[in-house]
Amino acid sequence: MALLFKSGSTRTQWWLEEFKTQAPDLEVRVWPEVGNTAEIDFALVWLPEPGELKRYPNLKAIFSLGAGVDHLFRDPDLPKLPVTRVVDVNLTRRMTEYVVLQVLRHHRQSPAYEEQQRRSQWQELKQPAADQRTVGIMGLGVLGADSGEKLVNLGFNVIGWSRTKKQVAKIKSYAGTAELDAFLGQSEILVCLLPLTRDTEDILNARTFAKLPRGASLVNVARGAHVVESDLIAALDSEQLSHATLDVFRKEPLPPESPFWLHPKVTVTPHCASYTDPRTVISQVVENMRRARAGEPLLHTVDITLGY
Ligand code: NDP
Ligand code: OXD
């Protein structure tokens, strides 16, 4: 039996070397060279083509190669099997580094200072202290909670919004649609770490932006389809928002004609906030294969009805 592997990145060779070291007996078939489809019993994949996974009659479980699973659920023919995702210390740390970096950049007004430098302008801007700045994190799950904790350690006032109430030390938790406006009304730096589901698609829209304090900024590290792009541009142009840092986009790679590339109030990065590190993730893949074969519950399964 064999593991189907499809990575969306240039890291395939690294994965194969790690598989060889950590699981030398495991047969890994790299898509599209899959051989006899009946011999594949597990799939570890990123962005499989819709319809691809139904071609494997003996598949027992589907492992997302990332923390997100929306790339799987976009497939209307996804086999009705257990789906797991990555929960991993290195993925979390990388995301937290990115979020802290961008929040500090917004807090310390780096985009404004960079603009002043281009004009050779020497001018100190009014700078609130971290405890006078509220960071709102949408999605207080594995990644949101860790980023939030590190921002608390830096002295920020951190609040979080999730579907259900959370207990995270020193982070005030808001939950559900009923508490969204109260959360947004305080979020001077809004960080989106929600999964993409039918309930969260387009959530970063004109209404949401209008509820934020004037001059707030946005860090979107979740998915591009959370953002209504024309609403974001309008909020930046009207100065309701001062800046947006975007790591994820509806269409990736971001097309050259996208207005985000050249917008003076937008920072673009190429979906690099974090990624799955084979050094620490292969062991959970191997363990889940063992569990599935033994009929035991899998690690990090997602709720198929909720979509995350
Ligand atoms: P989790 O599943 O651990 O956390 C998701 C959070 O979102 C939970 O707090 C959940 O609330 C909340 N949530 C879900 N639906 C709603 C809703 N309708 N209303 C309010 N809150 C909601 O996910 P992770 O933290 O591990 O990952 C988050 C996302 O980050 C991934 O799905 C992926 O899209 C993105 N990501 C991006 C990367 C990048 O490089 N840019 C890298 C890795 C991940 P509750 O717990 O109450 O259900
Ligand atoms: C993920 C991602 O979901 O890299 O892991 O976007």
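The values are calculated or read from the model by the stated rules, or taken from the named source; none is laboratory data. Keep in mind it's a predicted model, so treat the numbers as computed, not measured. Glycine gets a Cβ as well: all are built from the backbone with ideal geometry, and neighbour counts include every protein chain shown.
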Item to complete: Working only within the range 261-293, note down all residues that are more than 15 Å from ligand 1 (Cβ to nearest atom), surrounded by 13 or more Cβ atoms within 10 Å (Cβ to Cβ) and either of a type in the set (F, W, Y) or under 21 Å from V221 (Cβ atoms) (or both).
Response: H263, K265, V266
Worksheet entry | Single condition G66 does not satisfy, out of (1) within 16 Å of ligand 1 (Cβ to nearest atom); (2) in a strand (DSSP E or B) | (2)
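Do the conditions hold for S147, that is, is it modelled with pLDDT of 95 or more, under 21 Å from T245 (Cβ atoms), crowded, with 22+ Cβ neighbours inside 10 Å and within 10 Å of ligand 1 (Cβ to nearest atom)?
Details: modelled with pLDDT of 95 or more: yes; under 21 Å from T245 (Cβ atoms): yes; crowded, with 22+ Cβ neighbours inside 10 Å: yes; within 10 Å of ligand 1 (Cβ to nearest atom): yes.
Criteria met by S147.
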Discussion item. Residue under question is G51, and the condition is that it be assigned to a loop (DSSP other than H, G, I, E, B) and either farther than 30 Å from G144 by Cβ or away from ligand 1 (no atom under 14 Å from the Cβ) (or both); does it hold?
Written reply: yes
Practice prompt. Report yes if V191 is closer than 20 Å to V100 by Cβ and within 16 Å of ligand 2 (Cβ to nearest atom), otherwise no.
Written response: yes
Discussion item. Please go through (1) in contact with a Phe, Trp or Tyr (Cβ under 7 Å, 6 or more places away or on another chain); (2) modelled with pLDDT under 95; (3) farther than 26 Å from A225 by Cβ for G8 and return the number of the only condition it doesn't satisfy.
Written reply: (3)
Discussion item. Looking at the range 272-286, I want the residues that are in a loop (DSSP other than H, G, I, E, B) and have a partner that is more than 13 Å from ligand 2 (Cβ to nearest atom) with Cβ atoms under 8 Å, at least 6 apart or on another chain. Which pairs are those?
Written reply: A273/V99
Discussion item. Within the range 228-240, does at least one residue satisfy the condition of being touching a residue at least 60 places away in the same chain (Cβ under 8 Å) and within 25 Å of D70 (Cα to Cα)?
Written reply: no
Discussion item. Would you confirm whether or not the range 31-42 contains a residue that is of a type in the set (F, W, Y) and either away from ligand 1 (no atom under 16 Å from the Cβ) or surrounded by fewer than 19 Cβ atoms within 10 Å (Cβ to Cβ) (or both)?
Written reply: yes
Item to complete: Go through the range 129-176 and give me each residue that's within 16 Å of ligand 2 (Cβ to nearest atom) and among the hydroxyl-bearing types (S, T, Y).
Response: S147
Practice prompt. Considering each residue of the range 81-111, count those that are more than 16 Å from ligand 2 (Cβ to nearest atom) and either touching a residue at least 24 places away in the same chain (Cβ under 8 Å) or β-branched (V, I, T) (or both), and give that number.
Written response: 8
Worksheet item: Which condition breaks for L154 when tested against (1) out of contact with any Phe, Trp or Tyr (no Cβ under 9 Å at 6 or more places or on another chain); (2) of a type in the set (A, V, I, L, M); (3) loosely packed, with under 14 Cβ neighbours inside 10 Å?
Response: (3)
Practice prompt. Assess whether R74 counts as being surrounded by fewer than 20 Cβ atoms within 10 Å (Cβ to Cβ), near ligand 1 (Cβ under 9 Å from one of its atoms) and in contact (Cβ under 8 Å) with a residue 24 or more places away in the chain.
Written response: no
Worksheet item: Any residue in the range 77-100 that is in a helix (DSSP H, G or I), aliphatic (A, V, I, L, M) and out of contact with any helix residue (DSSP H, G or I) (no Cβ under 9 Å at 6 or more places or on another chain)?
Response: no
Worksheet item: Within the range 127-137, is there a residue that is in contact (Cβ under 8 Å) with a residue 12 or more places away in the chain and within 11 Å of ligand 1 (Cβ to nearest atom)?
Response: yes
Worksheet item: Among the residues of the range 99-121, is there at least one that is aromatic (F, W, Y), out of contact with any Leu (no Cβ under 8 Å at 6 or more places or on another chain) and surrounded by fewer than 22 Cβ atoms within 10 Å (Cβ to Cβ)?
Response: no
Worksheet item: Within the range 105-115, is there a residue that is within 12 Å of ligand 1 (Cβ to nearest atom) and aromatic (F, W, Y)?
Response: no
